[in-house]
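Colleague: Here it is, the structure in full.
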Amino acid sequence: MKDSREGVGGGKERLVVAMSGGVDSSAAAWMLQQEGAELVGLFMRNGVKVAAHEVQKNSCCSLGDARDARMVAAGLGIPFHAVDLKEEFRDIIKYFTSEYSKGRTPNPCCVCNRDLKFDRLLRFAEELGAEGVATGHYAQLELVEGRPVVRRGVDVRKDQSYQLFCVAEENLARTRLPLGGLEKSKVRELATEAGLRTAKKADSQEVCFIPSNDYRQLLKQEEVELHPGELVDTSGAVLGTHEGTEHFTIGQRRGHGVAGTEPLYVVELHPHSGRVVLGTLAEAGFIAMFVDEPNWIGWDPPTGSFRCEVQWRHLGRTAACELEASDGAVNVRFDEPQVAVAAGQGAAFYEGDRLLGGGWIQSAERAGLSLSDETCE
């Protein structure tokens, strides 16, 4: 899917490229330059200090990443800026820890895309007189009659369309995603041919403000008050104790320390009482979920119910469902019970490979016996 656009007045398209210091954003910048776009590179500083031993764990946003981004920009001959977004990232960290305190599962990368990469950077682009922004996301995007149409990336193992479900349509209309039609192996090949210093650099694999890849360390660092309590089964029988509900997520199968005749999953979290409910696979299935803050991309949903697929985890599989959308809310009913449907996660709706939009999961209806809040007190 090629998306060639002209700049204001028919001249060169002027874009701000989010450069993370990795191969993807470097290759995206090179490709757009080859198309004739006028570029400005930008690196987002998150203010998180990365220890030397953590830099080796495929971290991102480190001083080394900033240096790589700057050197790639210099090699391409484009202006480069490192923008201090420490305070903005502090807001995302607060959101992250707050969600765990509420027994919810946060989705910081999607929030970062919505609030920073495809919003704050667009405002920065406006200040520079640029038409829009570009990133190294693996998703396909084109304008159809002035509205953005987003599809999954060709490389299904790297597809990042899910992470765009909450980005405003008007912001996506001013976005370029040049890598969406390529396999990751091809991107590295192009980067090597272009002589980019990041061509063989390992991919980052964690949340940028958790370089250790252990969110429990962040909770401790942020002095989050934990909610210790009991591990119980779906009948209320006590199976053990734990140090905090914040250490669990819905659908978690390992790490709870309880052995059973069959695998046990976390099916409910109750921070107010400290109870973590474990259930069998049959008890862990969800049949419906309630989604709020719907964001539709490139189309308007029909009145009444309609069918589509829904994905609620990055690189997770989709599930067939029926949606009924109303102002500010969407009711989703699965064709078959699904596991690990957690409040706080993002729900992205698809028709085939097209991203229709999405929203935030507020609650889910479990197929098995459900303990009420009163039962858990």
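Colleague: Report the longest stretch of the chain that contains none of the trypsin sites (Lys or Arg not before Pro) sitting in a DSSP loop with at most 12 other Cβ atoms within 10 Å. Kindly include the intermediate steps, with their values, before the conclusion.
Modeller: On the way: sites that count: Lys2, Lys49, Arg157, Lys200, Arg254, Arg317.
Counting only loop sites that pass the neighbour cut-off, the longest clear stretch is 50-156.
Colleague: Most exposed first by the Cβ proxy, i.e. fewest other Cβ within 10 Å, how do Trp299, Trp312, Trp360 rank?
Modeller: Values: Trp299 14, Trp312 27, Trp360 21.
By the 10 Å Cβ count, ascending: Trp299, Trp360, Trp312.
Colleague: Rounding to the nearest 10 and keeping the result within 0 to 90°, find how far the Cα-based axis of helix 86-101 lies from the longest principal axis of the chain.
Modeller: Approximately 20 degrees, to the nearest 10.
Colleague: Taking the beta-carbon count within 10 Å as an exposure proxy, list Val149, Val17 from fewest neighbours to most. Show your work: numbers first, answer last.
Modeller: Values: Val149 18, Val17 32.
With the fewest neighbours first, Val149, Val17 line up as Val149, Val17.
Colleague: Continuing with this model, one more query. Which value does Rg/Rh take for the range 12-193 over its C-alpha atoms, Rh per Kirkwood?
Modeller: For the range 12-193, the value is 0.95.
Colleague: Run the simple label-point estimate for Arg157 and Thr241 please: 7 Å along Cα→C-beta, distance reported in nm.
Modeller: Placing both labels 7 Å along Cα→Cβ, they lie 4.6 nm apart.
Colleague: Go ahead and set up a Gaussian network model of the chain, Cα springs under 10 Å, then flag whichever of Val167, Val341, Val238 fluctuates most.
Modeller: Of Val167, Val341, Val238, the Gaussian network model singles out Val238 as fluctuating most.
Colleague: Could you work out the helix-only [θ] at 222 nm for the chain, with each DSSP H run of four or more residues adding -39,500 (n - 2.57) and the total divided by the number of residues, to the nearest 500 deg cm²/dmol? Please list the in-between numbers first.
Modeller: Details: 10 runs with 83 residues, N = 377.
After summing the helix terms and dividing by residue count, I get -6000 deg cm²/dmol.
Colleague: Taking amide H positions as placed in the peptide plane 1.01 Å from N, state which residues far from Gly244 in sequence (5 or more) or on other chains have amide H under 5 Å from it.
Modeller: For Gly244, whose amide H was placed from the backbone, the distant partners under 5 Å are Gly229.
Colleague: May I pose another question? In degrees from 0 to 90, rounded to the nearest 10, what is the angle of the helix 63-76 Cα long axis to the longest principal axis of the chain?
Modeller: 30 degrees
Colleague: Taking the Cα atoms of the chain, what is the range of coordinates along each of the three principal axes, in descending order and whole Å?
Modeller: If we take the Cα atoms of the chain, the spans are 68, 53, 34 Å.
Colleague: Please list, in order along the range 128-145, the HN-Hα scalar couplings obtained from phi with the Karplus expression 6.51 cos²θ - 1.76 cosθ + 1.60 (θ = phi - 60°), rounded to whole Hz, x for Gly and Pro.
Modeller: Whole-Hz 3J(HN,Hα) from phi for the range 128-145: 8, x, 8, 6, x, 10, 9, 9, x, 5, 8, 8, 9, 9, 9, 9, 10, 6.
Colleague: Shifting gears a bit: Whole-Hz ³J(HN,Hα) for each residue in the range 272-284, computed from phi via Karplus 6.51 cos²θ - 1.76 cosθ + 1.60 with θ = phi - 60°, x for glycine and proline: what do you get?
Modeller: Along the range 272-284, the couplings run 4, 9, x, 8, 10, 9, 10, x, 6, 4, 5, 8, 9 Hz.
Colleague: Also: Students often get this wrong, so check it: of Lys158/Lys200; Lys12/Lys186; Lys94/Lys117; Lys117/Lys158; Lys86/Lys117, which have C-alpha atoms separated by over 21 Å? Mind dumping the intermediate values first?
Modeller: Values: Lys158/Lys200 17 Å; Lys12/Lys186 26 Å; Lys94/Lys117 18 Å; Lys117/Lys158 19 Å; Lys86/Lys117 14 Å.
Over 21 Å apart, Cα to Cα: Lys12/Lys186.
Rule-based calculations on the coordinates, nothing more; no lab input. It should be emphasised that the depicted structure is a prediction, and the values quoted were computed from it without experimental measurement. Note that we place each Cβ from the backbone using ideal geometry, even for glycine, and neighbour counts take in every protein chain shown.
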